[in-house]
1. Evaluate Rg over Rh across segment 88-135, taking Cα atoms for both radii and Kirkwood's formula for Rh.
2. Please report Rg (one decimal) and Dmax (integer) in Å for the Cα set of segment 9-136.
3. I'd like the distance between the alpha-carbon centres of segment 8-85 and segment 93-133, rounded to an integer number of Å.
4. Could you please report the charge total around Cys76, scoring K, R as +1 and D, E as -1 over all other residues with beta-carbon less than 14 angstrom from its beta-carbon?
5. Ranked from highest to lowest mean number of other Cβ atoms within 10 Å per residue, what is the order of the peptides 109-119, 76-86?
6. If you add up the charges near Glu17, with Lys and Arg at +1 and Asp and Glu at -1, over every other residue whose beta carbon is less than 12 angstrom from its beta carbon, what do you get?
7. Starting from segment 39-127, pick out the trypsin sites (Lys or Arg not before Pro) whose DSSP state is loop and whose Cβ has at most 11 other Cβ atoms within 10 Å.
8. Counting only other residues whose beta carbon sits under 14 Å from that of Gly85, what net charge do I get with K and R as +1, D and E as -1?
Amino acid sequence: MTKIHTGGCLCGALRYEARGEPDMAGHCYCADCRKASGSGFIPFMNFSASALTISGPSRQTVTPSARGTPSTRNFCTSCSSLVFGGVVGESESFTIYAGSLDDPTVFRPQIAIFAAGRPDWAALPAGLTVFDGLPS
């Protein structure tokens, strides 16, 4: 039986359903994620586009990623909650922000990325495989 991960924004207008296990799950400590979240990191889960269904309107912001390519983040048009990363209809994979999960207990981080830029006050949980930048 395929695992289903559901979630969305604070008001419920922007929703997603992700099928299967994520390709990657962890904490991102890059400056972009810290600024976008207003926190020390963003907990994320990565899914292929074929495993994800998104419903409801979103507003996008585009900023340069650590690789220099565009990074698109999607927010609810009503409540402005940060929900997922990627371009619907274009991206091959999407980042779901774990704080938007209906059941946050399903989040199982395995890696920490961009840990070289991690602020001292942002905790690095024990047991994660740590990368200074992106994993190769």
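1. On the way: Rg = 13.2 Å, Rh = 12.9 Å.
In segment 88-135, Rg relative to Rh is 1.03.
2. In order Rg, Dmax, the Cα atoms of segment 9-136 give 13.9, 38 Å.
3. Cα centres, segment 8-85 to segment 93-133: 13 Å.
4. On the way: positive: Arg15, Arg59, Arg73; negative: none.
Once positives and negatives cancel, what remains is +3.
5. On the way: 109-119: 17.5, 76-86: 19.2.
Going by the mean number of other Cβ atoms within 10 Å, highest first, we get 76-86, 109-119.
6. Working: positive: Lys3, Arg15, Arg19; negative: Asp102.
Here the count lands on +2.
7. On the way: sites: Arg59, Arg67, Arg73; in loops: Arg67.
Here the trypsin sites (Lys or Arg not before Pro) that fit, given the DSSP loop and packing criteria, are Arg67.
8. Working: positive: Lys35, Arg59, Arg67, Arg73; negative: Asp23, Asp32, Glu90, Glu92.
Spelling it out: positives minus negatives among the neighbours equals 0.
Bear in mind that the values in this text are calculations on the coordinates, not laboratory data. Just so it is clear, the model here is predicted, and its values are computed rather than measured. As a convention, Cβ positions derive from the backbone with ideal geometry for all residues, glycine included, and neighbour counts pool all protein chains shown.
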